[in-house]
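Asks: One structure, pasted below without further comment.
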Amino acid sequence: LLDDNLESSVKKFFEENDRERRAGGRFRRNVEEDPTNPHYMTFAEMETRLRERAAEHSTTATLESIGQTAEHRELWLLKISTNASLPIIWIDAGIHAREWIAPSTAFYLIDVLLSKKGLELRGKYQFYVAPMLNPDGYVYSGTKVPSYVRFWRKNRSPTQDPKCFGADLNRNFPYQWGLVGVENITCSQIYPGQAAGDQLETQSVIATLSPIAEQTKLFISLHSYGQYIFTAFGHAKKEYPEGQDEQTTKVRRA
C-alpha cells in the first residue's frame, strides 16, 4: 500500500478524529451488545475511562498504577477479578506508540469482560489489563506537527544522544535482549535501549508480573502490525517453549 501524499493523509486523519470527538461527546456504548467508540481517545480520556469502569464495577474491577514513565505519566493496570485464587490472563496494549487500534481493542475487551457477556469468563479467570504501556510515546504520536510523529514507535526517555529519544519497549525486555531485530543506534525506531530492561515501563511490567508468574496462564500483547497471532519465541527460528504444540493448537482454534 503506497500513499503519494502521506502528510495530507495524516492531517486528514487527525481532522476526522477531532471531528468525531466533538460530535460524539462521551463514549457511546451498550456493553450487552457491542461497545463502540467514535474516536481514538487521548491518554487523558483513557485515564478517565479506567477510573469510571473501576467505580462502576467496584466489586469486580480494581485500578492501580504499576509505575510511571520518564515524563511522569502513570502506567495503569485494571484488575478484573471475582476470586484472587483463579488463574490470571494478562493483556497489554500500546507498547508501540503509533499502533492506536491496539489500546482501543484493549478497552473494548475491558467492556466485554465487565458485561454480562464476560460473566462466564470472570468465573474461570482473573484478567489483568494494561491498555496503554507507552503513554509518553502515544501522546507524542498525537501531537500532529510535524506529521511524521504520528508514526512514532518508541517511548520518550532520554538517550546518550541529546537529539534522539526513546527505546523500543517491545525490544527492551531482558530475555534474549538485543539478539535480532534491533539497531544499536539511538535514533533508530528499533533501538532496544542501552541495556536490557533499562526502561521504566519494562521495569514496571517485570516487577508486576514476576510475583504472579506461576499464576499467570496466558500473556497477550496486542499490536496492529498485521492480522497475525505470534507465539513464542521471537528471537530464533525453530526454537520453541515447552508446550508449543498445545499452544499452536489453541491458537488455531481461536
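Asks: For residue 51 and residue 203, compute 0.36 nm times the residue count separating them, minus their Cα-Cα distance, and round to one decimal in nm.
Replies: 52.4 nm
Asks: In addition: Among the helices of the chain (complete DSSP H runs), which have Cα atoms covering no less than 15 Å along the helix axis and a Kyte-Doolittle mean of at least 0.5?
Replies: In the chain, the long hydrophobic H runs are 101-114.
Asks: I've got another one for you. Add -39500 (n - 2.57) for each DSSP H run of 4 or more in the chain, then divide by its residues: what number comes out at 222 nm, to the nearest 500 deg cm²/dmol?
Replies: Calculated from helices alone, the mean residue ellipticity at 222 nm is -9500 deg cm²/dmol.
Asks: Based on alpha-carbon positions alone, could you give the equivalent ellipsoid semi-axes of region 160-247 from the gyration tensor, as √(5λ), descending, whole Å?
Replies: 25, 17, 12
Asks: When a/c is below 1.5 the answer is rounded, else prolate if a/b is larger than b/c, else oblate, so apply that to region 20-177 with a ≥ b ≥ c taken from the square roots of the Cα gyration tensor eigenvalues.
Replies: It comes out oblate by the Cα gyration axes.
Asks: Residue 210 to residue 175: extension gain in nm, 0.36 nm per residue of separation minus the Cα-Cα distance?
Replies: 11.3 nm
Asks: From the backbone phi of region 76-91, what are the Karplus-calculated ³J(HN,Hα) couplings (6.51 cos²θ - 1.76 cosθ + 1.60, θ = phi - 60°) in whole Hz, Gly and Pro given as x?
Replies: Residue by residue, region 76-91 yields 9, 10, 9, 9, 10, 8, 10, 7, 5, 8, 6, x, 9, 10, 9, 10 Hz.
Asks: Here's a follow-up. If I take the Cα coordinates of region 40-118 and project them onto the principal axes, what are the three extents in Å, biggest first?
Replies: 34, 23, 23
Asks: If amide hydrogens are placed 1.01 Å from N in the peptide plane, which non-local residues have theirs closer than 5 Å to the one on residue 92?
Replies: The list, which skips near neighbours in sequence, is 130, 220, 221, 222.
Asks: Another one. Ranked from highest to lowest mean number of other Cβ atoms within 10 Å per residue, what is the order of the peptides 212-218, 135-141?
Replies: 135-141, 212-218
Asks: Accessible area per residue for the chain in Å², computed with a 1.4 Å probe and the full protein assembly in place, what is it?
Replies: Per-residue accessible area for the chain comes out at 58 Å².
Asks: Quote to one decimal, in nm, the extra length available between residue 62 and residue 119 on full extension: 0.36 nm per residue of separation minus the C-alpha distance between them.
Replies: Working it through step by step, the gained length comes to 18.9 nm.
Asks: My understanding is that a pair violates if its Cα-Cα distance is over 25 Å; which of 79/238; 117/250; 79/144; 11/154; 79/237 do that in this structure?
Replies: 79/238; 79/144; 79/237
Asks: Another one. For a label point 7 angstrom out from the Cα of residue 238 toward its Cβ, which stretches of region 178-215 have the backbone nitrogen within less than 20 Å?
Replies: Flagged as within label range: 180-181.
Asks: OK, next. Could you tell me the relative contact order of the chain? Use alpha-carbon pairs under 8 Å, at least six residues apart, and round to a whole percent.
Replies: Once divided by the residue count of the chain, the mean separation gives 18 percent.
The values are calculated or read from the model by the stated rules, or taken from the named source; none is laboratory data. This one's a predicted model, so the numbers in the text were calculated from it and none came from an experiment. Cβ coordinates were reconstructed from backbone atoms using ideal geometry, including for glycine residues, and neighbour counts include every protein chain displayed. The protein model used for the area step is the full one, side chains on, heavy atoms only, and it has no ligands, DNA or RNA in it. Shrake-Rupley method; radii C 1.70, N 1.55, O 1.52, S 1.80 Å.
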